[in-house]
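Engineer: Here it is, the structure in full.
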Amino acid sequence: MRKLLFVLIGSLASLTPLLGLNAQQASGLPVETKTPNSTYKPAFVGQTRIGAVVTKSTYEVKLLDSSLRSPWGIAPLPDGRFIVTEKEGNIRILSANGKPGEHISGVPKVNPRSQGGLLGICIDPAFEQNKLIYWAFSEPLAEGNITSVGKAKLSSDEKSLEDVTVIYRATPAVRGPYHYGGRVLFAKDGTLFLSTGEHADPDSRFQAQDINSGLGKIIRLTTEGKPAPGGPFAGKENARPEVYSYGHRNVQGIAFHPQTGDLWEAEFGPRGGDEVNRIVPGKNYGWPIITYGIDYNGKKFGDSIQQKAGMEQPVYYWDPVISPSGITFYDGSGISEWKNNLFISSLSGMHICRLVIENNKVVGEERLLSGEKQRFRDIKQGIDGALYAITDQGKLYRIGKK
Ligand SMILES: [Ca+2]
């Protein structure tokens, strides 16, 4: 196994006189230096291109493995190991030091074309007792493309899946082969969150605004795939009771803030409109009515507006885009200045983005591992308190205290 070990020491000589000030005051120039695609103005100061911060603590970046095949989702197991998905349709367990095990048999077929495949994965809160796992995937259906949620029990020898069921389908299936969303995550109350996308088809895009559609949503479910009770649209006409928030384009990152308990997400915008949002149940996050991006063909979207009453503003956006996939808040004790920071795996940006957040606003941005030239797909905190990141090129990194 190829193994690379190097240590990054955050050198802050230029900012030393500012130590002791808060993160915002210590910020430098923005990390982004490229010209934006649009001339749109942010809704508030600090909504984009916040000043740079640099990690002062010493941390270690270790390349643990390079043999995964397009890994998409990673979740820590309670014993220190990990479970991962590979886009083509495999689930594997990794040892605590990142060595991948065999493919687990019994995984239902996926549609791996384009942006589809085997997507995010999470384990049941009572996994140690029940061995249940859940994953999002693009299910091969004759009717079209769809994001579905699978559930199964890991066999006692960990070689196969048992009692495999599809517990939820974010209907309707549509033509567009893009924007599946695809993260699954348990809340502390035992409900299961799923993020979806609008499949990028002009015919289906507006379903992000329809609360009676599964497209472009954050969805809240029971472990049986039923609408979790108490949803913001429960009992309303022409609405799905499992919808938690709407107006999303393609949500590949969801995480709970360790301190506030709020759900945060990251979603792909069009050209120049990637977003981070703090999710309030029942709210409309605007797509495709408002956006800070323009279409990839250079045209503007709709009425070319960025703000509208009744629609939520992103906490933060990027122009040009970084393509934010999996996200996680750091809740470890190893690097104290990272506490409650949001870490975002960036595909086209080829780095791990660190956002310092104070009072629900971004006050600093840093780009980590830029030198690795990897498309970062997911990032999670292991039970040892370090961050573990996977890349489309098949690499697994550990980032944290030595
Ligand atoms: Ca939005």
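Engineer: Can I get the semi-axes of segment 196-236's equivalent ellipsoid? Compute them from the C-alpha gyration tensor as square roots of 5 times the eigenvalues, in angstrom, largest first. It would help to have the intermediate numbers written out before the result.
Structural biologist: On the way: eigenvalues 99, 27, 8 Å².
For segment 196-236, the ellipsoid semi-axes come out as 22, 12, 6 Å.
Engineer: Right, here's the next one. Using a Gaussian network model on the chain with a 10 Å cutoff between Cα atoms, which of 39, 222, 55 fluctuates the most?
Structural biologist: 39
Engineer: Something else about it: What is segment 254-402's relative contact order, in percent, from Cα pairs under 8 angstrom and six or more apart in sequence? All intermediate terms of the calculation are to be shown ahead of the outcome.
Structural biologist: Values: 355 pairs, mean separation 25.7, N = 149.
Averaging sequence separation for qualifying contacts and normalising by length gives 17 percent for segment 254-402.
Engineer: May I pose another question? If I stretch the segment between residue 402 and residue 340 completely, what's the gain in nm (0.36 nm per residue apart, minus their alpha carbon distance), one decimal? Kindly include the intermediate steps, with their values, before the conclusion.
Structural biologist: Working: separation 62, 0.36 × 62 = 22.32 nm, distance 1.98 nm.
Contour length minus the Cα-Cα distance gives 20.3 nm.
Engineer: As an exercise, find the ratio Rg/Rh for the chain from alpha-carbon atoms, using the Kirkwood inverse-distance average for Rh.
Structural biologist: Details: Rg = 20.1 Å, Rh = 21.2 Å.
Dividing the radius of gyration by the Kirkwood radius yields 0.95.
Engineer: Taking the Cα centre of segment 309-375 as origin and charging only Cβ (+1 Lys, Arg; -1 Asp, Glu), how large is the dipole, in debye to the nearest 20?
Structural biologist: Working: 6 positive and 8 negative charges, 38 e Å.
Once rounded to the nearest 20, the dipole reads 180 debye.
Engineer: Taking residue 41 as the anchor, which aspartates and glutamates have their alpha carbon closer than 18 Å to its alpha carbon, excluding any fewer than eight residues away along the same chain?
Structural biologist: 32, 274, 275, 295, 303, 312, 319
Engineer: Which of 335, 187, 215 sits farthest toward the positive end of the charge dipole of the chain, with +1 on the Cβ of Lys and Arg and -1 on the Cβ of Asp and Glu?
Structural biologist: Toward the positive end, the furthest listed residue is 335.
Engineer: Multiply the residue gap between residue 43 and residue 160 by 0.36 nm, knock off their C-alpha separation, and tell me the result in nm, one decimal place. Don't skip to the answer; put the middle values down first.
Structural biologist: Values: separation 117, 0.36 × 117 = 42.12 nm, distance 5.04 nm.
Working it through step by step, the gained length comes to 37.1 nm.
Engineer: Here is a follow-up. May I ask you to compute the full-extension gain from residue 280 to residue 171, defined as 0.36 nm times their residue separation minus their alpha-carbon distance, rounded to one decimal in nm? Before the final figure, lay out each step's value.
Structural biologist: Details: separation 109, 0.36 × 109 = 39.24 nm, distance 2.28 nm.
Stretched out fully, the residue 280 to residue 171 stretch lengthens by 37.0 nm.
Engineer: Next question, about the same structure. Rounded to the nearest 500 deg cm²/dmol, what is the calculated helix-only ellipticity per residue at 222 nm for the chain, with -39500 (n - 2.57) per DSSP H run of length n ≥ 4?
Structural biologist: After summing the helix terms and dividing by the residues of the chain, the value is 0 deg cm²/dmol.
Engineer: Residue 226: which lysines have alpha carbons under 19 Å from its alpha carbon, excluding same-chain residues fewer than 8 sequence positions away?
Structural biologist: 151, 153, 188, 217, 236
Engineer: Expressed as a whole percentage, what fraction of the accessible surface of segment 60-158 belongs to carbon and sulfur atoms when a 1.4 Å probe is rolled over the protein heavy atoms?
Structural biologist: Values: 1760 of 3730 Å².
Its accessible area is 47 percent carbon and sulfur atoms.
Engineer: Okay, next question. Taking 8 Å as the Cα distance limit and 6 or more residues as the minimum spacing, I'd like the relative contact order of the chain as a percentage.
Structural biologist: Values: 1158 pairs, mean separation 62.7, N = 402.
Taking the mean separation of contacting Cα pairs over the length of the chain, I get 16 percent.
Engineer: With every protein chain kept in place and ligands, DNA and RNA left out, what is the accessible area per residue of the chain? Probe 1.4 Å, answer in Å². It would help to have the intermediate numbers written out before the result.
Structural biologist: Numbers: 16430 Å² over 402 residues.
I get 41 Å² per residue for this part.
Engineer: Tell me, what ³J(HN,Hα) does each residue in segment 75-80 have, in order and in whole Hz, if you take phi through Karplus 6.51 cos²θ - 1.76 cosθ + 1.60 with θ = phi - 60° and put x for Gly and Pro?
Structural biologist: Per-residue couplings from phi come out as 9, x, 9, x, 8, x Hz.
Engineer: Would you mind getting me the FRET efficiency between residue 95 and residue 295? Use the beta-carbon distance for r and R0 = 41 Å, nearest 0.05. Provide the component values of the computation, followed by the final result.
Structural biologist: Values: r = 45 Å, r/R0 = 1.09.
The computed FRET efficiency comes out at 0.35.
Engineer: Given R₀ = 41 Å, FRET efficiency for residue 360-residue 226 by Cβ-Cβ distance, to 0.05?
Structural biologist: Step by step, r from the Cβ atoms, then E = 0.85.
Engineer: Going by amide H atoms built from the backbone, whose H comes under 5 Å of the H on residue 250, apart from near neighbours?
Structural biologist: For residue 250, whose amide H was placed from the backbone, the distant partners under 5 Å are 268.
Engineer: Which aspartates and glutamates, on any chain, are close to residue 395 with Cα under 20 Å apart, when same-chain ones fewer than 8 places away are left out?
Structural biologist: Output for residue 395: 60, 65, 86, 88, 102, 372, 378, 384.
Engineer: Let me ask you something else. What size of dipole, in debye to the nearest 20, comes out for the chain about its Cα centre when the only charges are +1 on Lys and Arg C-beta atoms and -1 on Asp and Glu C-beta atoms? Working shown, then result.
Structural biologist: On the way: 47 positive and 41 negative charges, 145 e Å.
Magnitude of the dipole: close to 700 debye.
Engineer: Taking the dipole about the Cα centre of segment 71-180, with the C-beta of Lys and Arg at +1 and of Asp and Glu at -1, give me whichever of 160, 172, 135 is farthest to the positive side.
Structural biologist: Selected residue: 172.
Engineer: Further question: In whole angstrom, note down how far apart the Cα centers of segment 314-391 and segment 107-124 are.
Structural biologist: 23
Engineer: Shifting gears a bit: Based on Cβ point charges of +1 for Lys and Arg and -1 for Asp and Glu, what charge dipole magnitude is obtained for segment 252-316 about its Cα centre, in debye rounded to the nearest 20?
Structural biologist: Values: 6 positive and 8 negative charges, 38 e Å.
Roughly 180 debye, rounded to the nearest 20.
Engineer: Between 238, 281, 261, whose Cα lies farthest towards the positive end of the dipole of segment 213-291 when Lys and Arg beta carbons carry +1 and Asp and Glu beta carbons carry -1, centred on the Cα centre?
Structural biologist: Going by the charge dipole, the pick is 238.
Engineer: Could you tell me which of the pairs 373/402; 373/401; 56/339; 34/380 are separated by over 19 angstrom between their Cα atoms in the structure shown? Can you show the working numbers first?
Structural biologist: Values: 373/402 23 Å; 373/401 22 Å; 56/339 13 Å; 34/380 29 Å.
Distance filter (> 19 Å) returns 373/402; 373/401; 34/380.
The values are calculated or read from the model by the stated rules, or taken from the named source; none is laboratory data. Just so it is clear, the model here is predicted, and its values are computed rather than measured. Reconstructed Cβ throughout: ideal geometry from the backbone, glycine too, with neighbour counts over all protein chains shown. For the accessible areas, the whole protein counts, side chains as well, though only heavy atoms, and no ligand, DNA or RNA atoms are used. Shrake-Rupley method; radii C 1.70, N 1.55, O 1.52, S 1.80 Å.
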